[in-house]
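Following: one structure in structure tokens, then a few remarks.
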Amino acid sequence: DGGITQSPKYLFRKEGQNVTLSCEQNLNHDAMYWYRQDPGQGLRLIYYSQIVNDFQKGDIAEGYSVSREKKESFPLTVTSAQKNPTAFYLCASSPYTLGGQPQHFGDGTRLSIL
Amino acid sequence: AQTVTQSQPEMSVQEAETVTLSCTYDTSESDYYLFWYKQPPSRQMILVIRQEAYKQQNATENRFSVNFQKAAKSFSLKISDSQLGDAAMYFCAYREGYGGSQGNLIFGKGTKLSVKP
């Protein structure tokens, strides 16, 4: 079955450490997205990518970085510059950016500070 | 900038009854899409229903229907014959039809729905 796989499910970060969250999709979707979810805040966009080797900052990109070397993969790195990384992170994809195709979501990664 | 507002942080409904969740949005665009997503305790985001702004007919998916009022910028979700499995966070989301932020969803803060047996 096609879908979006996020790993790990739980991740712990030490002070000063960079951590990378994995997102892989086998839906052949062009666009991929990363969201952060905090209690009472809904989902906020961190980064998005419309095609391979191209990505754009979302609303809260500071302290995060991404790459898009392959169509199916869009990893997110939470750097030490992100001072409050504890949150639930969701990856999503959609067939193409124009038009009303809905985004499909992975199961998420919960990141906590040690 | 577009915004999405869900004014009901929490709602409760009796099993088999009907409940309506509210959503309003602010945009100057005429071409856009609206979505309702459900997030159960498992935290997975599940698409419930989708509405195209240029269609006047309200979308329906089984027990789920919307009341789309374009002039009022309102997009409410009605759940009929509520079931215990409907208990979840519900998020309203807006997406531009075209433009620079192509495909990006703007979410409301969500409404937590409880279903009483």
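The values are calculated or read from the model by the stated rules, or taken from the named source; none is laboratory data. Treat the numbers as computed from the prediction; the structure is a model and nothing was measured. Reconstructed Cβ throughout: ideal geometry from the backbone, glycine too, with neighbour counts over all protein chains shown.
Among residues of segment B:13-33 that are on the phi > 0 side of the Ramachandran plot, those with a beta-carbon under 6 Å from a residue that is of a type outside the set (S, T, N, Q) at least six positions away or on a different chain give the pairs B:ALA16/B:ASP81. Close contacts from segment B:72-92, counting a first residue that is touching a residue at least 12 places away in the same chain (Cβ under 8 Å) and a second that is surrounded by fewer than 18 Cβ atoms within 10 Å (Cβ to Cβ) and basic (Lys, Arg), with Cβ to Cβ under 7 Å and a gap of 6+ residues or different chains, come to B:ILE79/B:ARG63; B:SER80/B:ARG63; B:ASP81/B:ARG63; B:MET89/B:LYS112.
Looking for something among the hydroxyl-bearing types (Ser, Thr, Tyr), touching a residue at least 60 places away in the same chain (Cβ under 8 Å) and within 18 Å of A:PHE12 (Cα to Cα) - is there at least one such residue anywhere in segment A:88-96? Yes. Here B:LEU84 fulfils each of the conditions (1) out of contact with any helix residue (DSSP H, G or I) (no Cβ under 9 Å at 6 or more places or on another chain); (2) farther than 30 Å from A:TYR10 by Cα apart from (2). On the stretch given as segment A:80-114, residues that are more than 14 Å from every other protein chain (Cβ to nearest Cβ) and surrounded by 15 or more Cβ atoms within 10 Å (Cβ to Cβ) total 2. Can you spot a residue in segment B:54-63 that is part of a loop (DSSP other than H, G, I, E, B), at pLDDT below 95 and under 12 Å from the mean Cα position of the chain (by Cα)? Yes; the residues of segment B:54-63 include at least one that is part of a loop (DSSP other than H, G, I, E, B), at pLDDT below 95 and under 12 Å from the mean Cα position of the chain (by Cα).
Scanning segment A:64-103 for residues that are part of a strand (DSSP E or B), of a type outside the set (A, V, I, L, M, F, W, C) and closer than 20 Å to A:ASP54 by Cα yields a total of 7.
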